[in-house]
Each structure stands twice: as structure tokens, then as C-alpha cells.
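Q: Quick one: structure below, then a few questions.
The values are calculated or read from the model by the stated rules, or taken from the named source; none is laboratory data. Just so you know, these numbers come straight off a predicted model, no measurement behind them. Note that each Cβ is placed from the backbone with ideal geometry, even for glycine, and that neighbours are counted across all protein chains shown.
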Amino acid sequence: MEMAKAMSGEKVTTPSAEGIAASVRATKGRGLPPVHKWNPPFCGDLDMRIARDGTWFYLGTPIGRPELVRLFSTILRRDGDDYFLVTPVEKVGITVDDAPFVAVDFNATGEGTDQVLTFETNVGDTVSAGPDYPIRVLRDPDTGEPSPYVLVRANLEALIDRKSFYRLVDIGAHHDGWFGLWSGGAFFGLIPSDELHAG
């Protein structure tokens, strides 16, 4: 497949490679490509998967080049429950096991309602949680294990890794019957206060 050649560094001139190259050019000095504005034809599914730990696989093999993973992450889009890599000329479906990104670290500035939590993802994005970039927690119905997420960009979330979540819990606060986190002037409840005390 021509995209596989592009991954290996071989120069190809297929529409797929041209689309990826166009995306690279679009990112230079101007932030992320405007994938939300592109409406290319759907070209089928690609054997690419993002595991829960943030590892990207192609044809069952981890993609070992961080710069390539970063490139693909910039042209990722979520439509409903489905994920796609989108360029100006093509749209291909990929599999995402949980969230497409992992928040691997965060920095807290300020205190109380003035606190701001800024997260860094495994692909180099940074985002400050707030009303437009909320934090949410889902609980496994069988084990009760929490899975915390922060919105990174349009419909794309990062799973907050365990070490970061433990640090977040350490700086949590109670507000209106909930234990949670302040960031960007918004409060994000993690667990009802009475459940926390009961535990």
C-alpha cells in the first residue's frame, strides 16, 4: 500500500502521499490543519489502530517514528463514534480502542477557583482545561475503576494517565456536593463527596 511506503520514508506520488504532504505543508507555522473544513471522498478503512495506552499500530506493528505519529495525529478527526485520518484529497477510517490521545503530564497554576490545569499529551499537544475543554470521568460498571478524560480539540479526547490522575486527586476540592477539580473558572466533578467519604 502506498501509505505504507510513505511511512517507510519512500518517496511516492500517489494521491494518498500527496494528501499527507499537503497536510504537512498546512501545519507549518499555522497550527493544526483545518480538517473540519475538508470533505474528501471516503477511501475505506486503513489497518491502523490506536491502543488505549496511546500506541499507534499499522498492519499490527507499532509505528516507531514519533514524528510520523505526530503527523497522523494532526489530521485525525472524529465524526460521531468513528475516527478518520483526513486530508484534502482522502478520508480513511482507523480504529481507536479508547481515546486517541493520552494526557501524560499536567501543570497546575493558581489556586482554588483561579486554578488552571494544563495538560500535555503523548503527541505533543497542550491544552488548558476549562469550559471549552472539560474534564470528565467514566467508571467501569463492573469494577468501578475510573477513566478520566480531557477534551483536547474538536471531539478528540485524551485519557489522563494513572500517575497524572493520582496527582489531580491530591489537589482536588469539594464543591456543591462533589469532589473534583477547578480549572479555567470551571469545576469538574469527579465523584460525589458522600461516595468519596464512604470509600
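Q: Since Asp125 meets every condition but one in (1) over 13 Å from the mean Cα position of the chain (by Cα); (2) in contact (Cβ under 8 Å) with a residue 40 or more places away in the chain, which condition does it not meet?
A: Asp125 satisfies every listed condition except (1).
Q: Can you name the residue in segment 27-68 that is charged (D, E, K, R) and either at pLDDT 95 or above or part of a strand (DSSP E or B) (or both) and is also farthest from Thr95 (Cα to Cα) among such residues?
A: Keep residues of segment 27-68 that are charged (D, E, K, R), which gives 28, 30, 37, 45, 47, 49, 52-53, 65, 67.
The next check asks that each one be either at pLDDT 95 or above or part of a strand (DSSP E or B) (or both); those that pass are 45, 47, 49, 52-53.
Numbers: Asp45: 9, Asp47: 8, Arg49: 5, Arg52: 11, Asp53: 14 Å.
Residue satisfying both the conditions and the ranking: Asp53.
Q: Could you look through segment 55-80, keep only residues that are of a type outside the set (Val, Ile, Thr) and under 13 Å from Leu156 (Cα atoms), and pick out the one that is surrounded by the fewest Cβ atoms within 10 Å (Cβ to Cβ)? Steps first, answer last, please.
A: Let us first name the residues in segment 55-80 that are of a type outside the set (Val, Ile, Thr), namely 56-60, 62, 64-68, 70-73, 76-80.
If we keep only those that are under 13 Å from Leu156 (Cα atoms) too, we end up with 73, 76-80.
Numbers: Ser73: 22, Leu76: 21, Arg77: 19, Arg78: 16, Asp79: 12, Gly80: 6.
The selected residue is Gly80.
Q: Would you mind finding the one in Ile191, Ile94, Ile135, Ile171 that is hydrophobic (A, V, I, L, M, F, W, C) and buried (at least 21 other Cβ atoms within 10 Å of the Cβ)? Even if it seems obvious, please write down each step before you answer.
A: Values: Ile191 fails: buried (at least 21 other Cβ atoms within 10 Å of the Cβ); Ile94 fails: buried (at least 21 other Cβ atoms within 10 Å of the Cβ); Ile171 fails: buried (at least 21 other Cβ atoms within 10 Å of the Cβ).
Answer to the selection: Ile135.
Q: Does Glu157 fit the bill of being modelled with pLDDT under 95 and either closer than 20 Å to Val102 by Cα or of a type in the set (Ser, Thr, Tyr) (or both)? So that I can check it myself, show each step before the final result.
A: Details: modelled with pLDDT under 95: no; either closer than 20 Å to Val102 by Cα or of a type in the set (Ser, Thr, Tyr) (or both): yes.
No, not satisfied.
Q: For Glu111, state whether it is surrounded by 16 or more Cβ atoms within 10 Å (Cβ to Cβ) and free of Cβ contacts under 8 Å to residues at least 24 places away in the same chain. Full working, then the answer.
A: Values: surrounded by 16 or more Cβ atoms within 10 Å (Cβ to Cβ): no; free of Cβ contacts under 8 Å to residues at least 24 places away in the same chain: yes.
So Glu111 fails the test.
Q: Next question, about the same structure. Six or more apart or on different chains, Cβ under 9 Å: which pairs go from a residue in segment 29-52 that's of a type in the set (Gly, Ala, Ser) to one that's in a loop (DSSP other than H, G, I, E, B)? Could you list them?
A: Between residues of segment 29-52 that are of a type in the set (Gly, Ala, Ser) and residues that are in a loop (DSSP other than H, G, I, E, B), the close pairs are Ala51/Asp97; Ala51/Asp98.
Q: Which residues, taken from segment 102-114, are among the polar types (S, T, N, Q) and assigned to a strand (DSSP E or B)?
A: To start, the set of residues in segment 102-114 that are among the polar types (S, T, N, Q) comprises 107, 109, 113.
Of everything in segment 102-114, those that are among the polar types (S, T, N, Q) and assigned to a strand (DSSP E or B) turn out to be Asn107, Thr109.
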